[in-house]
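Structure first, commentary second.
Every number in this text was worked out from the coordinates using simple rules, so none of it is lab data. Remember, it's a predicted structure, so these values are computed and weren't measured experimentally. Ideal geometry is used to build each Cβ from the backbone, glycine not excepted, and the neighbour counts take in all protein chains shown.
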C-alpha cells in the first residue's frame, strides 16, 4: 500500500498525467458524440480540448484516491484502459464541478 507521501509524489508523475490527458480528451469527445450534450458538457469538452492538462491533474488525483490501497508499482502499471475507465467514471462529476453544481 502506498503511503500518502508516495501518493502525493505521484500527483506530478508525467506518465500518469499524460495518460490522464488522453483519457480526458476521450471523455470530452464522448460528450460531444452524444445526441444532445448539455451546455455544461460542451463547455467542459471545450476546456479539455483546448488544454487537457488542468482536468488531467484533477483526474490523476481521483485515480490515486481510487487506487490508494495499491502499491506505487501497481499504480504506475495501470493500463491505458484502467485510466480511461476511471476518467469516464468521473467525467460527469468534473463537468458538474466546473458548472458549480
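A few comments on the model shown:
- Contour excess over end-to-end distance, with Cα ends at residue 34 and residue 22 and 0.36 nm allotted per residue: 2.4 nm
- Kirkwood hydrodynamic radius over Cα pairs of the range 18-101, then Stokes diffusion coefficient at 37 °C and 0.692 mPa s, in µm²/s: 255 µm²/s
- Protection proxy ranking for 73-81, 57-65, using the average of other Cβ atoms within 10 Å per residue and placing the highest first: 57-65, 73-81.
- Distance between the 7 Å Cα→Cβ label points at residue 8 and residue 81: 3.5 nm.
- Calculated [θ] (222 nm, deg cm²/dmol) that DSSP helices of n ≥ 4 give over the chain, each run adding -39,500 (n - 2.57): -24000 deg cm²/dmol
- Contact order normalised by residue count of the range 4-99, Cα under 8 Å, 6+ apart, percent: 41 percent
- Residues of the range 26-67 with amide N under 18 Å of a point placed 7 Å along Cα→Cβ from residue 101: 27-48
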